[in-house]
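The values are calculated or read from the model by the stated rules, or taken from the named source; none is laboratory data. What you see is a predicted model; the values in this text were computed from it and never measured. Note that we place each Cβ from the backbone using ideal geometry, even for glycine, and neighbour counts take in every protein chain shown. When the accessible area is computed, the model is the full protein with side chains, heavy atoms only, and any ligands, DNA or RNA have been set aside. Shrake-Rupley method; radii C 1.70, N 1.55, O 1.52, S 1.80 Å.
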Amino acid sequence: MARIYQTNNMGEADVRVAIVQRGNADLLVQRVSSWGLAHGDAHWFLTRERQDASASVYFTSPGFAQLTICFVDHAGEAGWTRPHRFKGCLSHGGT
């Protein structure tokens, strides 16, 4: 499950993320409304509780990002657009 916690401190983040246009994204992400719908790296449930998260992210500019994402509306659109070193890390924890 990709349970994502957004931190305001770059040093606490597992991954630095930039939101970009679809054609420039490493990962297309669908935000989901419950834990049960969050699966794999591409379906994010955003949690307010750090201890419940599988990964913490810090949103930054593309120049400082380790991962670029684009939010999409439909589950069928979500997924990796290219091979990436963080594949599997967002849903299983660790980097």
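What to note about this one:
- Loop-located trypsin sites (Lys or Arg not before Pro) in the chain whose Cβ has at most 16 other Cβ within 10 Å (DSSP): Arg48, Arg85, Lys87
- Of all accessible heavy-atom area on the chain, the percent that carbon and sulfur account for (1.4 Å): 46 percent
- Couplings 3J(HN,Hα) of the range 60-77, computed from phi: 9, 6, x, x, 9, 6, 8, 8, 10, 10, 9, 7, 10, 8, 10, 4, x, 7 Hz, in residue order, whole Hz [Karplus 6.51 cos²θ - 1.76 cosθ + 1.60, θ = phi - 60°; x for Gly and Pro].
- Other-chain or far-sequence residues with amide H under 5 Å of Val72's (modelled H): Val29, Gln30, Arg31
- For the range 29-42, putting each phi into the Karplus relation 6.51 cos²θ - 1.76 cosθ + 1.60 with θ = phi - 60° gives couplings of 10, 10, 7, 10, 8, 8, 4, x, 8, 7, 8, x, 7, 9 Hz, in residue order, rounded to whole numbers and with x for Gly and Pro.
- Net charge of neighbours whose Cβ lies under 11 Å from the Cβ of Tyr5, counting Lys and Arg as +1 and Asp and Glu as -1: -1
- For the chain, built as a Gaussian network whose Cα springs stay under 10 Å, the top-fluctuating residue of Leu46, Leu37, Leu28: Leu37
- Amide proton proximity set for Asp14, modelled H, under 5 Å, gap of 5+: Ser56, Val57
- Between Gly11, Pro62, Gly36, the Cα set farthest toward the positive side of the dipole of the chain (charges on each charged residue's Cβ, about the Cα centre) is that of Pro62.
- Difference of contour (0.36 nm per residue) and Cα-Cα distance, Met10 to Phe71: 19.9 nm
- Once the 1.4 Å probe is applied to the protein heavy atoms, the chain comes out at 56 Å² accessible per residue.
- Selection from Met1, Thr81, Leu46 lying farthest towards where the dipole of the chain points positive, charges on Cβ: Thr81
- Karplus-derived HN-Hα couplings along the range 17-27 (A = 6.51, B = -1.76, C = 1.60, θ = phi - 60°), whole Hz, x at Gly and Pro: 10, 10, 8, 10, 5, 3, x, 9, 7, 6, 9
- For the chain, size of Cβ-based charge dipole, Lys and Arg +1, Asp and Glu -1, in debye: 120 debye
- Under 5 Å from the amide H of Ile4 lie the amide H atoms of Phe45, Leu46, Thr47, Ser54, each residue being 5 or more positions distant or on a separate chain, with H modelled from the backbone and absent for Pro and chain starts.
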